[in-house]
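Take a look at the structure set out below.
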Amino acid sequence: MKKFRVVITGTVGAGKTTFVKTASDIDVVEIERNITEEMISVKEKTTVAFDFGKLVLGDNMDLHIYGTPGQSRFDFMWDILIKGADYYILLVAANQPNGFPYAREILNFMNERVQVPFMIGMTHLDCSNALSPEEITESLGIANAKNLPPIVAVNPHVKNSVIEALSVLIDRKV
């Protein structure tokens, strides 16, 4: 059986923990703490180390799925988690344009450390204040990239949506 490591990264509130929980066939390991005051309006808890889940795809493939913390004060975990990754997904909340510059920093951080297939997963596209995929890719600085990564709308709460995103990513390498 082939085992692949997939890292799910992105800004606070983009859906990383939910993505891992939805994808996983096992109970997810979550290392969370109460969120700081400035982020309390977004959610109550935040990942401080990682989330871990596992998904079996077919008879011959296991995905070990790691969700990173979103806050920069835990960015040392990004470095640990991305090492040895076979793939990664950058989740970007389409309704949080103030987070796009930070998402760009995360993208640059990951790409400086690994050269593996990755994709952009756009979440919260159903929100009334969501920006278009074109506006988001421009904000991330990848709109005119020669090797534009796949950009997929994903609802981290819906299993089929998460599996479809993972399948698009894995099809790039397998």
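Which residues, counting only those in segment 93-145, are touching a residue at least 40 places away in the same chain (Cβ under 8 Å) and of a type in the set (S, T, N, Q)?
The answer is 96, 123, 139.
Could you please let me know if residue 59 is acidic (Asp, Glu), out of contact with any helix residue (DSSP H, G or I) (no Cβ under 9 Å at 6 or more places or on another chain) and under 19 Å from residue 5 (Cβ atoms)?
Numbers: acidic (Asp, Glu): yes; out of contact with any helix residue (DSSP H, G or I) (no Cβ under 9 Å at 6 or more places or on another chain): yes; under 19 Å from residue 5 (Cβ atoms): no.
No.
What residue, of 148, 107, 125, is surrounded by 21 or more Cβ atoms within 10 Å (Cβ to Cβ) and not charged (D, E, K, R)? Write out each step before concluding.
On the way: 148 fails: surrounded by 21 or more Cβ atoms within 10 Å (Cβ to Cβ); 125 fails: surrounded by 21 or more Cβ atoms within 10 Å (Cβ to Cβ).
Exactly one of 148, 107, 125 is surrounded by 21 or more Cβ atoms within 10 Å (Cβ to Cβ) and not charged (D, E, K, R), namely 107.
Can you pull out every residue in segment 63-82 that is outside any helix (DSSP H, G or I), at pLDDT 90 or above and of a type outside the set (Ser, Thr, Tyr)?
63, 64, 65, 67, listed by residue number.
Restricting to segment 110-122, and then to whatever is farther than 19 Å from residue 20 by Cα and touching a helix residue (DSSP H, G or I) at 6+ places or on another chain (Cβ under 9 Å), can you tell me which residue is surrounded by the fewest Cβ atoms within 10 Å (Cβ to Cβ)?
Of segment 110-122, the ones farther than 19 Å from residue 20 by Cα are 111-116.
Pick out the ones that are also touching a helix residue (DSSP H, G or I) at 6+ places or on another chain (Cβ under 9 Å) and you get 113-114, 116.
On the way: 113: 14, 114: 16, 116: 19.
Here the residue is 113.
The values are calculated or read from the model by the stated rules, or taken from the named source; none is laboratory data. Keep in mind it's a predicted model, so treat the numbers as computed, not measured. FYI the Cβ positions are ideal-geometry reconstructions off the backbone, even for glycines, and counts take in every protein chain you see.
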